[in-house]
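The values are calculated or read from the model by the stated rules, or taken from the named source; none is laboratory data. These figures come from a predicted structure and were not determined experimentally. Counting neighbours? That spans all protein chains shown, and the Cβs are built from the backbone with ideal geometry, glycine included. For accessibility, only protein heavy atoms count, side chains too; no ligands or nucleic acids. Shrake-Rupley method; radii C 1.70, N 1.55, O 1.52, S 1.80 Å.
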Amino acid sequence: MTELSRIRFGQPVGMCPEAGPAPADKWVILDALTHAAEDFGLNHRTLGVLRALLTFFPDRALPADRGAGVVYPSNRVLAERLNGMPESTLRRHLATLVRSGLVDRHDSANRKRFARFGGVAFGFDLSPLARYAEALQAAADRALARRGQADALRARIAATRQRLLEDGCDAADPLIEDARLCQRRKLPVEELEALAHALDNRLTTALPAAGMSASDSRNERHIQTTDQSESVSSVDIRDSDETPALSEVLDSCHEYQSFFPTRNPDWPTLVSVAERLHPMMGIDTQVFAEARQRMGAERATTVLLCMLETMDRIRKPGAYLRALCQRADRGLLNLGGMLKAASGARLSADNFG
């Protein structure tokens, strides 16, 4: 029987190998099928049975001709190779492989598996795996793409959830709880996309006050004009989207020099200082990068330097900066007022000293 296992049963005599479908590497096929197992209704134990069947085929190249890849181990021998899997369990997994179409079954009259000289063999035909090799590889590529997309969505959901919690959202909120639980569950990409979209909408509509100063009066003292009766929070001041003059920024903002002393700074120098300064202020790199994208590098730097002048009044700098980004999107960011407020805060501190 050992010698018979090396005979290519079912392959017609004299057939030219190039005339039929090309053979395929059985282990490459198994690897592709492992990635796409869910698409075929297979689990890891069924794949283990398939791996054991493949070990009974002597060659690595699996022929694609129908009947050319027959193996005929008995259930006892197959169970031994599977570390003593119960025969009832083995039969169930074999039936799953046959139903999936990945393996054909050729039964003898008494349903025994054996081979005879002359090209007659009864057992499991593995040739469908070679015939479907390209389709299996395509399914594996799609499965890997879905998995990568799902991982990216989970990372996005986790980051958005954290931002909402920083802004004061209740951890018991159903949407926040769903965002936490999705990290442990295998959800379809469509559900993850819907959850990410819902979190983005919540973040957009969330009130920024929870992440800024403790009261409206403090907020007005931070971004206000020199006229105490007229603040950005109560007056619709349209932003011109223009970068403030460098001299005005240097005259109003001096606190950064305590951290990064710089002689005759220009805009590139200030932008570089802001890149190193924002982590020290408790602002995430992602938040500051978003501010740069939405405002521009120089305007975002100006905002950061103004915030530094009045850091004692800002409870959550990251949430505060996101709120300013939202004002900038609406054209309501008053950079001139912020510079005047920063200058006033500095003068008050100097006078107090």
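Given the criteria at negative phi, in a helix (DSSP H, G or I), in contact with a His (Cβ under 7 Å, 6 or more places away or on another chain) and at pLDDT 90 or above, does Arg45 qualify? Yes: the conditions hold for Arg45.
Just checking, which of Ser258, Ser217, Ser247 is open to solvent by less than 80 Å² (accessible area, probe 1.4 Å), modelled with pLDDT of 85 or more and small (Gly, Ala, Ser)?
So the residue among Ser258, Ser217, Ser247 that is open to solvent by less than 80 Å² (accessible area, probe 1.4 Å), modelled with pLDDT of 85 or more and small (Gly, Ala, Ser) is Ser247.
Specify the residue that is modelled with the lowest pLDDT; the eligible residues are those in the range 108-146 that are of a type in the set (S, T, N, Q) and over 20 Å from Arg51 (Cα atoms). Explain how you work it out, then say what you get.
Start the filter on the range 108-146 by keeping residues that are of a type in the set (S, T, N, Q), which leaves 108, 110, 127, 137.
Imposing the further condition that a residue be over 20 Å from Arg51 (Cα atoms) reduces the set to 108, 110.
Working: Ser108: 71, Asn110: 62.
Among those residues, the one meeting the criterion is Asn110.
A single entry from Arg76, Arg92, Arg8 fulfils the requirement of being at pLDDT 90 or above, open to solvent by 30 Å² or more (accessible area, probe 1.4 Å) and of a type in the set (D, E, K, R): Arg92.
Cβ-Cβ distances below 8 Å connect the following pairs, each with a first residue in the range 60-82 that is more than 14 Å from Asp107 (Cα to Cα) and of a type in the set (Lys, Arg), a second residue that is open to solvent by 30 Å² or more (accessible area, probe 1.4 Å) and in a strand (DSSP E or B), and a separation of six or more residues or different chains: Arg60/Asp25; Arg66/Asp104.
Scan the range 160-182 residue by residue and report those that are surrounded by fewer than 15 Cβ atoms within 10 Å (Cβ to Cβ), of a type in the set (Gly, Ala, Ser) and assigned to a helix (DSSP H, G or I). Those that are surrounded by fewer than 15 Cβ atoms within 10 Å (Cβ to Cβ), of a type in the set (Gly, Ala, Ser) and assigned to a helix (DSSP H, G or I): none in the range 160-182. Scanning the range 304-325 for residues being in contact with a Ser or Thr (Cβ under 8 Å, 6 or more places away or on another chain) and open to solvent by 10 Å² or more (accessible area, probe 1.4 Å) gives a total of 4. Only residues that are under 18 Å from Gly331 (Cα atoms) and part of a loop (DSSP other than H, G, I, E, B) were counted in the range 254-307, giving 1.
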